[in-house]
Each structure stands twice: as C-alpha cells, then as structure tokens.
Amino acid sequence: MRNLNEIAKFVKSNASMTLNEAGGLAYKLSSKEALAQLAATGCLSQTFYATEVDQLKTVLALASSSDVDDEFLAKLALYSRVKGFMKDMPAVLCAVLASRKSPLLEKVFPVVIDNGKILRNFVMAVRSGVTGRKSFGSVVRRLIRNWFDARTEQQIFNSSIGNNPSMADVIKMVHPQPKTPQREALYGYLIGKPYDESKLPLTVVEYIHLLKKSVFINWNVPDVPFQFLTSLPLSTIQWKIIAQNASWQTTRMNLNTFLRHDVFEDDKIVSKVAARLRNEEEIRRAKAFPYQLMTAFMNASEEVPSDVRLALQDAMEIATDNVPVIDGLVALCVDISGSMSSSVTGYRYGATSKVTCVDVAGLMASCILRQNPNSVVIPFDSDAHKCSLNPRDSVITNARKLAAMCGGGTDCSSAMKYIVENNINPDVVIYLSDNESWIDTDPNRLWNDSTETVAYWDELRKVKPNARLINIDIQPYRSSQSPNRADIANVGGFSDVVFDFVAQFAQGRSPQHWVELIEQINLDDPAK
C-alpha cells in the first residue's frame, strides 16, 4: 500500500519529481517538453485521468511559463498544424498569441489557419475568453478579413459548414468588405440578407434550388461538400452518384451512410469504392494516418461488403510504409491496463470514438513489428505477460490481439523488470502507454530518487550501455515514468511524426529532438 504522505513529502523536496494523474510517482517534463507533447497529440479532450478543461488549463499554464516565449508558441502552432495536421491545438496557440498582441501572429496565421474549421476554432477560442481576452482587436480582424479575401466564393461556401460559431457568425463579427458583386451576393446569402442569385457560383445556385424542392427524386446532385447533403431525403440513385464522386476521406468516413442508402447493392460501385480506398496515390494525398483507417475499420458495419472492409486493411498496410526499420533488437512494451481502455479522443457526449488508447498502442506496436519482425512484444498491466504475434499477420489483426488483453492496474516497471530478468537485452525499448504507473510507487524506494522503471532501465544499461528508451505517451499528461536524458526520450502522440522521431532517436539523435525540431522552424518563411 502506498503511503501518500510519504510520497507527497518526497515529491515536494525533489524538483524533478511529481505525482501523475493516477497518484503515482513520475518525472516532471519541462514546460517546453510538456507543451510540445500536448501539441503533438492534438487531444484537447477528456482522457481517463484528465478532462478537456484540465488539459486546456494545462496548455494555457504552460504557455505562460517563463521559458516559453511567443516565438516558441508561434513555431509550435506551425508545427502542430503543418506537421501534425492538428485542428484544436494550433487554433488555441494562435488565440494565445492574439491575446498577447504578438506580432508573430501575423507571420503564422495565414499558414496555420488554413481552412474554415481551423478559422472557426480560432474564433471560438478568442471569443470564449479562455486565453485572456474576448475582443478581436484591429489586427485579428484584419487577419480574418484577409483570410476571406484570399479565398474564392466557392471555397468560402464550402467552408460554411458547422456552428458555434458558424461562418455567418464570423462574417458578422469582422465585416469583410465584398470587393466584387459575386462576393457581395455570397455574403448576403450566408448571413441571410438579400442577394443576387445570378452572381452566385453555379453549385451554390443548384444547392439553393435543391433545398426548395419538395421532391428530391432524380434531381441532379450539386457538387457541394458531403455534409451539405446528409440531411436531405435523397434517392438511392442520387446517393450512388455521391458515392462515385466522393473524395477518399469522405468515402472512408461514410461507409455506413452509403450502406444505409443501399449504395452497395450495386456491385460496380462496391468495386469502385474499394479501389479508391486501397489506391496508394489517394492515400498519400489524403495524408491518412493508420489510426484513421483503424477508426474506419472498427466503425464499419459488418454488412459493409467484404471487399470494402478488406480495402481498408490494404490501405492500413500502405499507410504504415513509412514506419522505420530500427537497427538491433527492439522490445515493444504495450500498456494493456484499465486506463488504456478510454477513448483515444476522449469522452464526448454523443461522439465518443470507438478507438481506445490500447487500440492505438496495439496499432503502433503492430506497425513497428511489421517493419522489425524480430521485435519482442511485452504487454503489461500490473504484471508483464508473454505474447506471441506473427509479424506477417495484418496490422489490424495483431492490434486487435493486443487490445483484447486490456484490463488491470498499471505497473510500467513490470515490463522493464521482465526484460532484465529474462536477459532479453534489447538495443531499443519502446513503451506505448499513458504513463500512469502507480502500483510500483513504493515509499521505501523513494529515497533512491527514481521510479522503478528507471531503476530497472539502469540495470539493463549495465549490460547494454548504448541501449535507448523511448516512451510514447498515447495521451497528453505533464509527467513520465522516465526523464529525458541522453539515453531516454519522451514523445507524445500517435501520428506519422512520432514514427519519424522514433527512428531518429534510435539512430542517435538528441532526446530533445522533439523540441529542437520546433525551435528550428524559420518564422520568416513559415510556409516551409
């Protein structure tokens, strides 16, 4: 049993130590490390131990730290959007820069705020007041107006999806000046004022006419974003047209919708959809992450045609091509404890993802195993477990085997203990966990100034002095079971960027490489 008073006393006297969200002993990350990790995960949502409100408070507190200046925030906003393809975090970071009236906002805004969704996220963050001020100010208003001026009427219309705020709300807030009759007509339509229909883009006119129809059967489907059409009572023929013209991402996200509207009764469309999903060029263009494909696969109804479901697995294999081959023996320590059963995107009323943290950990381990078939896989909860996976099995098959083992308490050191006691002697150890170890927090060991995980790691390095340890934090917290040092690196997230980091650190790069990548960004040329 843990003596919490003893633990708290020890933590208070050791600046490098802290208690994690589960109440266990952990190492503090620096403000830059923690903020970079939060930005990499892009997860401003409720996790097993922390709510989205807690995480937002953490981000804002870290952004206010003495060692985090406006330049780092601006670079981090760029990195999280351009490299990590995140949506919430870059908008929040830009809102922080706006609240500080930082001139760097003008440099990064056009690159970071690159679509309607990010723009609305930014406006919401500013208007909420969470970053310190609710008003836009003249500079922010000008930047948002420039955003509108840089886009065509069709692009603005296509971006006018969503609420809180809606695109109409944004237009009313900043009053962009229409410089052409076409722009004047579009703004009028969007904000509910009189407009000249003849000046609108043809697709917008077709959509307006479609909305006025009481009967939709056989009416041409306008070439507008999918979201504009989902609530309309379209015919099966019209849904088949939509399915045939859909983008790769729209197809991936709407397989069950197509199923409900009998699209897959047509074998030709089944073949076309499956071919699109497994098309390598389309996958690259969509910048698909493996977990996006896992989400699609797990959410797809069993009634979706088998060829389409198999195409998702084929796409998964293609999406993992950039997973690194690592020199030497790799040990993959996969956390299968109870906390890992939480949704990877957090709990959201009515919209919680079926994909859990253990699904993502299993997926990442399976991807690395595919490229490094001699890897040793060690699942752990309160104890380490033996596990035999076939690296030639599909990534999704192995990921599901690991996820099926989920449950129990969390003892991160159990996997490292297993490695040491069984003389496995790996060159690289990769932890895939939420780092919320607590079972192994023993007051009798506190005075050694280390967690159990690090104690066993140091034992391993007596045999393998050049070994390297990488902690991949699936969910964003401010602590880890091991500190950043020459032989240990902590990294957060589950995107392709993480795989790149793993490869580079395993090859000898600095454990601060994650922060260094951000600091090396050139703000004078943010588009790069």
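Worth pointing out:
- Considering each residue of region 422-433 in turn, none proves to be modelled with pLDDT under 85, touching a Leu at 6+ places or on another chain (Cβ under 7 Å) and surrounded by 23 or more Cβ atoms within 10 Å (Cβ to Cβ).
- In region 299-319, the residues that are closer than 15 Å to Val270 by Cα, assigned to a helix (DSSP H, G or I) and of a type in the set (S, T, N, Q): Ser306
- Checked against (1) part of a helix (DSSP H, G or I); (2) touching a residue at least 24 places away in the same chain (Cβ under 8 Å); (3) not assigned by TED's automatic domain parsing to the domain that holds Met124, Thr230 meets all criteria but (1).
- Scanning region 74-100 for residues that are part of a helix (DSSP H, G or I) and within 20 Å of Ser135 (Cβ to Cβ) gives Ala91, Val92, Leu93, Cys94, Ala95, Val96, Leu97, Ala98, Ser99.
- Considering (1) closer than 22 Å to Ala61 by Cα; (2) in contact (Cβ under 8 Å) with a residue 60 or more places away in the chain, the lone condition that Gly132 does not fulfil carries the number (2).
- Condition check for Asp383: modelled with pLDDT of 90 or more and under 17 Å from Met316 (Cβ atoms): no
- Residue that is among the aromatic types (Phe, Trp, Tyr) and modelled with pLDDT under 70, where the choices are Phe505, Phe494, Phe499: Phe494
- Residue count for region 104-159, restricted to those that are charged (D, E, K, R) and closer than 19 Å to Tyr79 by Cα: 4.
- Filtering region 201-222 for residues that are free of Cβ contacts under 8 Å to residues at least 24 places away in the same chain, under 31 Å from the mean Cα position of the chain (by Cα) and assigned to a helix (DSSP H, G or I) leaves an empty set.
- A residue that is over 25 Å from Asp69 (Cβ atoms), buried (at least 21 other Cβ atoms within 10 Å of the Cβ) and at pLDDT 70 or above cannot be found anywhere in region 435-450.
- Scope region 516-528; condition of a type in the set (A, V, I, L, M, F, W, C) and at pLDDT below 80; matching residues: Leu517, Ala527
- Checking Ala331, Ala274 one by one, the residue that is outside any helix (DSSP H, G or I), touching a helix residue (DSSP H, G or I) at 6+ places or on another chain (Cβ under 7 Å) and small (Gly, Ala, Ser) is Ala331 and no other.
- Considering residues of region 64-108 that are surrounded by 24 or more Cβ atoms within 10 Å (Cβ to Cβ) and among the small types (Gly, Ala, Ser) only, the residue nearest to Val126 (Cα to Cα): Ala95
- Among the candidates Asp307, Asp314, the residue that is among the charged types (D, E, K, R), more than 25 Å from the chain's Cα centre (by Cα) and modelled with pLDDT of 90 or more is uniquely Asp307.
- Look at region 143-166: where a residue is more than 14 Å from Lys117 (Cβ to Cβ) and a partner is part of a loop (DSSP other than H, G, I, E, B), sitting 6+ places away or on another chain with Cβ atoms under 6 Å, you get Arg145/Pro176; Phe148/Pro176; Glu153/Pro201; Gln154/Pro201.
- Exactly one residue among Ala286, Ala243, Ala275 is of a type in the set (Gly, Ala, Ser), surrounded by fewer than 17 Cβ atoms within 10 Å (Cβ to Cβ) and without any contact (Cβ under 8 Å) to a residue 60 or more places away in the chain, and that residue is Ala275.
- Matching residues, region 155-193, being surrounded by fewer than 17 Cβ atoms within 10 Å (Cβ to Cβ), farther than 21 Å from Phe136 by Cα and among the hydrophobic types (A, V, I, L, M, F, W, C): Ile161
- For region 467-478, the criterion of a residue being at pLDDT 75 or above, more than 22 Å from Ser343 (Cα to Cα) and under 22 Å from the mean Cα position of the chain (by Cα) is satisfied by at least one position.
- Boolean, Leu259 is in the same structural domain as Leu310 (by TED's automatic domain parsing), outside any helix (DSSP H, G or I) and either of a type outside the set (Gly, Ala, Ser) or surrounded by 15 or more Cβ atoms within 10 Å (Cβ to Cβ) (or both): no
- The residues of region 319-336 that are out of contact with any strand residue (DSSP E or B) (no Cβ under 8 Å at 6 or more places or on another chain) and crowded, with 20+ Cβ neighbours inside 10 Å, listed by number, are Ala319, Thr320, Val323.
The values are calculated or read from the model by the stated rules, or taken from the named source; none is laboratory data. Please read these numbers as outputs of a predicted model, since none were measured by experiment. Positions of Cβ are backbone-derived with ideal geometry, glycine not excepted, and every protein chain shown enters the neighbour counts.
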